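Note sheet for the following structure.
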Amino acid sequence: MKICFPVAEDQGLNSPVYGHFGSAPQFIVVDTETREVKTLKNRDQHHAHGACQPLKALAGQEVDAVVVGGIGSGALLGLNRAGLTVYRAQAKTVAENITSLVENGLPELTPAQTCGGHAHGHGHGGGGCHH
């Protein structure tokens, strides 16, 4: 399974999950079977609020799931329409969230749990917008 995580900077599996999908500077994609780690620049980072194009942001990289601290409803719907499941991060780092997803599962995000604006503390460290 290929899982995508928004991050501020590439620290490999020790990277903290960024607080908001659309404004993350980059993404880390981890193949849970091979443990291969790829870093992608967010190609849609400077979009207008509410106009995130998540597939453009991922630059066509094929992934199975996304783990985020927070995400807007438009981005969530775009990822869901593309067949991707979006989960809420439950730990600080990429590695800790992979372990949680594989062992116990992570909560799947629904449109009712998305970020409504940029005043929800989106920033470094995976805090994101918690509803």
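Nothing in this text is a laboratory measurement; each read-out follows from the coordinates by a stated rule. Keep in mind it's a predicted model, so treat the numbers as computed, not measured. With ideal geometry, Cβ positions are generated from the backbone for all residues, glycine too; neighbour counts draw on all protein chains shown.
Taking 0.36 nm per residue of separation and subtracting the Cα-Cα distance, full extension of the segment from residue 81 to residue 9 would add 23.1 nm. Label separation (residue 32 vs residue 99): 1.5 nm, computed from points 7 Å beyond Cα along the C-beta direction. Charged side chains reduced to their Cβ positions (Lys and Arg at +1, Asp and Glu at -1) give the range 2-113 a dipole of some 320 debye around its Cα centre. Normalising the average separation of contacting C-alpha pairs (under 8 angstrom, six or more residues apart) by the number of residues puts the relative contact order of the range 2-113 at 26 percent.
When the alpha carbon coordinates of the range 2-113 are projected onto the principal axes, the ranges are 34, 27, 22 Å, largest first. When each of 3, 71 is scored by the number of other beta-carbon atoms lying within 10 Å, the sequence from fewest to most is 3, 71.
Taking neighbour Cβ counts within 10 Å as the exposure measure, how do 30, 67 sort from fewest upward? Numbers along the way, then the final one.
Numbers: 30 24, 67 27.
Result, fewest neighbours first: 30, 67.
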